[in-house]
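Report on one structure; see the data block that follows.
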Amino acid sequence: MDEFDSNTTPDNESQNEQHPEGSSRRTFLKAAVVGSAAAVAVSGVGAATLTLTGHHTGLKKYLALTDSLSGVTGKACTTDSSDNEQTSFHDSIYFWAKFNAVPAGTYTIDVSPTIPDGKVDYQSSGNNVFIYNYPGGDSSFDCNPPSLPDSTTALVKQKTLTVTFTTPSDGDVLLQLHLTPTVTSGTDTLTAKLYQGTGTGGTLVDSATAPQISFT
């Protein structure tokens, strides 16, 4: 009489479902290895795609910034203490350098020849270097403003150059430099240089040279 023994699993059926044996087990392991490799490959492609995408985005931002910087233009001039533009001096000098359409960021301005240069020096007291930020598109003045700016609005004010500053928004940047002649004859030519970043070791964005000045 055929009877089913409840303590016996026919043909090891339940074990085959959980733990394949013989050739079935080898096939199962091979499939698992292939599947794992495929997953790693897909993950690698995804990571590489993300990495390349990130670099591409950074490159686009860099190229856009480079484009913006290439559009910066500068002009310089000198005025007397009454803000009249002139090139012949026997008293206080204001050297102005205006850089138009400067993107928001950190920049450094220096002036050559290095001051003092034997012909001009800083005023003897107070702050002599001022940086102002103007909204982009301001065409109310070419180089020096129609009246001396309010120093309380300056981004930076300090005694000597070099000056590093951060513009909060795109716009025009104006340097005001207060000097005094140290000679009564001869000439001098001042050039302002705008660099990207902190210090003069960064990219030179643009330079602005004032007409030659003479001393009387």
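Key figures
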{"read-out": "Distance in nm between pseudo-label sites at Ser125 and Thr162 (7 Å out along the Cβ direction from Cα)", "value": "3.1"}
{"read-out": "Extension reserve of the Leu148-Thr200 stretch, reckoned as 0.36 nm per residue once the Cα distance is removed", "value": "16.0 nm"}
{"read-out": "Rough spin-label spacing in nm, given labels placed 7 Å along Cα→Cβ, for Asp170 and Ser185", "value": "5.2"}
{"read-out": "Beta bridge orientation in the range 74-215: antiparallel %, DSSP, nearest 5", "value": "95"}
{"read-out": "Summed side-chain charge close to Pro181 - residues other than Pro181 whose Cβ falls under 9 Å, Lys, Arg +1, Asp, Glu -1", "value": "-2"}
{"read-out": "Point-to-point label distance, His90-Ser214, nm (Cα→Cβ direction, 7 Å offset)", "value": "1.4"}
{"read-out": "Environment charge at Trp96 (Cβ cut-off 11 Å; Lys +1, Arg +1, Asp -1, Glu -1)", "value": "-1"}
{"read-out": "Rounded, prolate or oblate (a/c below 1.5 giving rounded, otherwise prolate when a/b exceeds b/c) for the range 74-215 by Cα gyration tensor", "value": "prolate"}
{"read-out": "Sum of side-chain charges, Leu190 neighbourhood, beta-carbon under 12 Å (Lys, Arg +1; Asp, Glu -1)", "value": "-1"}
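Where a number appears in this text, it was derived from the coordinates with a stated rule and is not lab data. Not measured: the values here are computed from a predicted model. Counting neighbours? That spans all protein chains shown, and the Cβs are built from the backbone with ideal geometry, glycine included.
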